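S.K.: First the structure, then my questions, so here it is.
What follows draws every value from the coordinates through simple rules; no lab data is involved. Just so it is clear, the model here is predicted, and its values are computed rather than measured. Neighbour counts run over all protein chains shown; Cβ positions are idealised from the backbone, glycine included.
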Amino acid sequence: MNTLSLPDIERLRQLLDYDPVTGYFTWKEFRRWSAKKGDIAGTITSKGYINISIDGVDYKAHRLAWKISYNEDPINQVDHIDRNKTNNKLSNLRIVNNQQNQINTNIQRNNSSGVKGVYFNKKQNKWIARIGFNYKKVNLGSFETIEEAKVTYENAVKKYHKMSAINEKAA
């Protein structure tokens, strides 16, 4: 979880305008040659998030969007519902715990099956479905087809990770 405390709400509103429909922040005043009044604020990080620098400190735009919209620091992690780290529309943001945030991730690069939670076991000559829950791997079974394993994994996601947000303000 990001423990960096966010700037004071008055400071945010002094420097930035936030459009909850587009998810864009714009500067209210001239900041420097690269950030003029009316310019879109922020840069995309190597991890794909938008950071906005305020008084020499970088903040994640989605966390700033939450604070400026609800006048409070996020109580937990701010999740991008559609998994697009640059989509900071308020309707795309929700507060979740770490476990919920982890399940709402894209498929990992080293996944050879192309299906989240599913891999092929050569020894068994079967497709295996697994899910993480309470920081443990739960084996969901072995299957003849990748489709069976995929459906089993998707059902387990619904069972183990009810994706209801902790705070439903944005829903």
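S.K.: Under the 0.36 nm per residue contour assumption, what length would be gained going from the current alpha-carbon distance of I9 and E29 to full extension?
M.R.: 5.6 nm
S.K.: Sticking with this one: Within region 99-166, report the trypsin sites (Lys or Arg not before Pro) that DSSP leaves as loop and that have at most 12 other Cβ atoms within 10 Å.
M.R.: The qualifying sites are R109, K122, K123, K162.
S.K.: Which of these, I107, I131, I68, has the largest mean-square fluctuation under a Gaussian network model of the chain (Cα springs below 10 Å)?
M.R.: Comparing I107, I131, I68 in the GNM, the peak value goes to I107.
S.K.: How far, in nm, would the chain grow between N106 and V57 when pulled straight, counting 0.36 nm per residue and subtracting the alpha carbon separation?
M.R.: Working: separation 49, 0.36 × 49 = 17.64 nm, distance 2.83 nm.
Once the chain is fully extended between N106 and V57, it gains 14.8 nm.
S.K.: While we're here: On a 0 to 90° scale, report how tilted helix 61-70 is relative to the longest principal axis of the chain, with both axes built from alpha carbons and the result rounded to the nearest 10.
M.R.: The two axes meet at around 70 degrees.
S.K.: 5 Å is the cut-off here: which amide hydrogens, built 1.01 Å from N in the peptide plane, fall below it relative to F133, excluding neighbours closer than 5 in sequence?
M.R.: HN-HN under 5 Å from F133: V138.
S.K.: Can I ask one more? Relative contact order of the chain, please, whole-number percent, based on alpha carbon pairs below 8 angstrom and at least 6 residues apart.
M.R.: Answer for the chain is 16 percent.
S.K.: Going by alpha carbons, how many degrees (0 to 90, nearest 10) lie between the helix axis of 146-160 and the longest principal axis of the chain?
M.R.: Result, in degrees: 60.
S.K.: Enumerate the calculated ³J(HN,Hα) couplings along region 5-11 in order (Karplus 6.51 cos²θ - 1.76 cosθ + 1.60, θ = phi - 60°), each rounded to whole Hz, writing x wherever the residue is Gly or Pro.
M.R.: Residue by residue, region 5-11 yields 6, 7, x, 4, 4, 5, 5 Hz.
S.K.: Do any chymotrypsin sites (Phe, Trp or Tyr not before Pro) in region 6-89 lie in a loop, going by DSSP, with at most 10 other beta-carbon atoms within 10 Å of their beta carbon, and if so which?
M.R.: W33
S.K.: Which residues' amide hydrogens lie under 5 Å from the amide hydrogen of L16, considering only partners 5 or more residues apart or on another chain, with H built in the peptide plane?
M.R.: K28
S.K.: Here's something else I'd like to know. From the square roots a ≥ b ≥ c of the eigenvalues of the alpha-carbon gyration tensor of the chain, which class results: rounded (a/c under 1.5), prolate (a/b over b/c), or oblate?
M.R.: Judged from the Cα gyration tensor, the chain comes out prolate (a/c at least 1.5, a/b above b/c).
S.K.: If you don't mind, there's one more thing I want to ask. Non-local amide H neighbours of Y59 (under 5 Å, H modeled in plane, Pro and chain starts lacking H): which ones?
M.R.: HN-HN under 5 Å from Y59: I52, S53, I54.
S.K.: When the helix-only estimate is applied to the chain (DSSP H runs of n ≥ 4, each -39,500 (n - 2.57), divided by the residue count), what is the mean residue ellipticity at 222 nm, nearest 500 deg cm²/dmol?
M.R.: One gets -6500 deg cm²/dmol as the mean residue ellipticity at 222 nm.
S.K.: A follow-up question, please. For the pair S142/D82, report the inter-label distance in nm, with labels modelled 7 Å from Cα in the Cβ direction.
M.R.: 4.1
S.K.: In region 71-162, what chymotrypsin sites (Phe, Trp or Tyr not before Pro) fall in a loop by DSSP, with at most 14 other Cβ atoms inside 10 Å?
M.R.: Working: sites: Y119, F120, W127, F133, Y135, F143, Y153, Y160; in loops: Y135.
Those that pass, being in a loop and sparsely packed, are Y135.
S.K.: Sketch the reach of a paramagnetic label on N97 as a point 7 Å from Cα along Cα-to-Cβ, and name the residues of region 117-152 whose backbone nitrogen lies under 19 Å away.
M.R.: 131-138
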